[in-house]
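Colleague: Questions regarding the structure given below will be posed in turn.
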Amino acid sequence: MTELILSLDVLDRQRARAIAESCAPFIDAIKVGYPLVLSTGLSIAGDLAELGLPLIADFKVADIPNTNRLICEAVFAAGFDAVIAHGFVGADAARTCVEVAHSHSGEAYIVAEMSHPGATEFFHGGVAERLAALAVASGADGIIAPATRPDRVRELREIVGKRKIYSPGVGAQGGDPDVVARLVDGIIVGRSIYEAEDPAAEAERLSRIRR
Ligand code: NUP
């Protein structure tokens, strides 16, 4: 069954906790990125961990191997279960994120292609394919690929095989959950859920689509 991952890009700790708690019965993981962590501090991970769902740190880590190591160690020490890293920094830097994640029994995902319109500027022309291959060669647990371009997801699936594909861009960015949920291991959904009048109801609706 395709996972439903809540992207919790709200700025307020109480609101984040309330939305996560109400959606918890319908989601498989929570993704936290810079907006929430920069607003509340890394301690938000401890708050959310109480819900018992896997926590994914969407920090798109993209530095030299040593700095990547320091960042990922802090991520897992804070209680996250997975980290998202960029691959364009090269195999050594990406592999460092994978190694740290696995040393904590966690997971690492490499961005193969992003979901926004401008992503085509640099990710197309063979780059995304190379990043997907790098993810496989680095032992990453999967890739991030765009729900906004299902054809690209199909192409990247050829490269990553059974490794997981998590896909953002559903709803607010135009991606159709009915189409993409069949192609990927998890859909990542932010605004469609947390900006809904009833976030839990929207999460429940999406959780039914993905089955
Ligand atoms: O390619 C990507 N596209 C994307 O939207 C890679 C991402 N990590 N994201 C993130 O997914 C984005 O930063 C946001 O946290 C979430 C999508 O949110 P929404 O468009 O559903 O609100």
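The values are calculated or read from the model by the stated rules, or taken from the named source; none is laboratory data. Only a predicted model underlies this, so the values are computations on that prediction, with no experimental measurement involved. So basically every Cβ, Gly included, is an ideal-geometry build from the backbone, and we count neighbours across all protein chains shown. These area figures cover heavy atoms from the full protein model, side chains too; ligands, DNA and RNA do not enter into them. Shrake-Rupley method; radii C 1.70, N 1.55, O 1.52, S 1.80 Å.
Colleague: Just check region 42-122 against the gyration tensor rule for me: Cα atoms, a ≥ b ≥ c as the square roots of the eigenvalues, rounded for a/c under 1.5, and otherwise prolate or oblate depending on whether a/b exceeds b/c.
Modeller: Since a/c reaches 1.5 but b/c is at least a/b, the shape of region 42-122 is classed as oblate.
Colleague: Okay, moving on. Projected area of region 85-136, taken from the Cα convex hull and averaged over every viewing direction, in nm²?
Modeller: For region 85-136, averaging the hull's shadow over all directions gives 3.5 nm².
Colleague: Can you give the extra length, in nm with one decimal, that the chain gains between Asp92 and Ala77 once fully stretched, where that is 0.36 nm per residue apart less the Cα-Cα distance?
Modeller: Using 0.36 nm per residue and subtracting the Cα-Cα distance, I get 3.2 nm.
Colleague: Suppose the chain between Leu42 and Val179 were pulled fully straight at 0.36 nm per residue; how much longer would it get relative to their current alpha carbon spacing?
Modeller: 45.9 nm
Colleague: In Å², what does the accessible area per residue of the chain work out to with a 1.4 Å probe?
Modeller: Result: 43 Å² of accessible area for each residue.
Colleague: Turning to a different aspect of this structure: If you project the alpha carbons of region 139-193 onto the principal axes, what extent comes out on each, in Å, largest first?
Modeller: Result for region 139-193: principal-axis Cα extents of 31, 19, 14 Å.
Colleague: Write down Rg/Rh for region 1-151, rounded to two decimals, with Rg from the C-alpha atoms and Rh from the Kirkwood relation over Cα pairs.
Modeller: Reported Rg/Rh (Cα atoms, Kirkwood Rh): 0.97.
Colleague: Give me the percent of the accessible area of the chain that comes from carbon and sulfur atoms, probe 1.4 Å, all protein chains in place.
Modeller: Answer for the chain: carbon and sulfur cover 51 percent of the accessible area.
Colleague: Applying a 10 Å radius around every beta-carbon, put 80-89, 9-18, 177-186 in order of their mean neighbour count, most first.
Modeller: Listed from highest to lowest mean packing, they are 80-89, 177-186, 9-18.
Colleague: Kindly state, to the nearest 0.05, the FRET efficiency for Arg15 paired with Arg154, given R0 = 35 Å and r defined as their beta-carbon distance.
Modeller: 0.45
Colleague: In nanometres, what is the gap between the two model label sites at Val127 and Ile209, each 7 Å from Cα along Cα-to-Cβ?
Modeller: About 2.9 nm, to one decimal.
Colleague: Sort the following peptides by mean Cβ neighbour count (other Cβ atoms within 10 Å, averaged over residues), highest first: 191-197, 109-115.
Modeller: Going from most to least packed, we get 109-115, 191-197.
Colleague: Next question. Just want to confirm a number: the relative contact order over region 1-132, from Cα pairs under 8 angstrom separated by 6+ residues, in percent.
Modeller: About 18 percent, as a whole number.
Colleague: Ratio of Rg to Rh for region 1-65, alpha carbon only, Kirkwood?
Modeller: Ratio of gyration radius to Kirkwood radius for region 1-65: 0.98.
Colleague: Continuing with this model, one more query. Between Thr120 and His102, how many nm apart are label points set 7 Å from Cα along the C-beta direction?
Modeller: 3.6
Colleague: Compute the distance in nm between two label points, each set 7 Å from the Cα along the Cα-to-Cβ direction, one at Asn66 and one at Ala137.
Modeller: Here the modelled spin labels are 2.5 nm apart.
Colleague: In Å, what Rg and Dmax follow from the Cα atoms of region 78-211?
Modeller: 15.0, 44
Colleague: On a C-alpha basis, how far is the centre of region 110-187 from the centre of region 1-54 in Å? Whole number, if you could?
Modeller: 22
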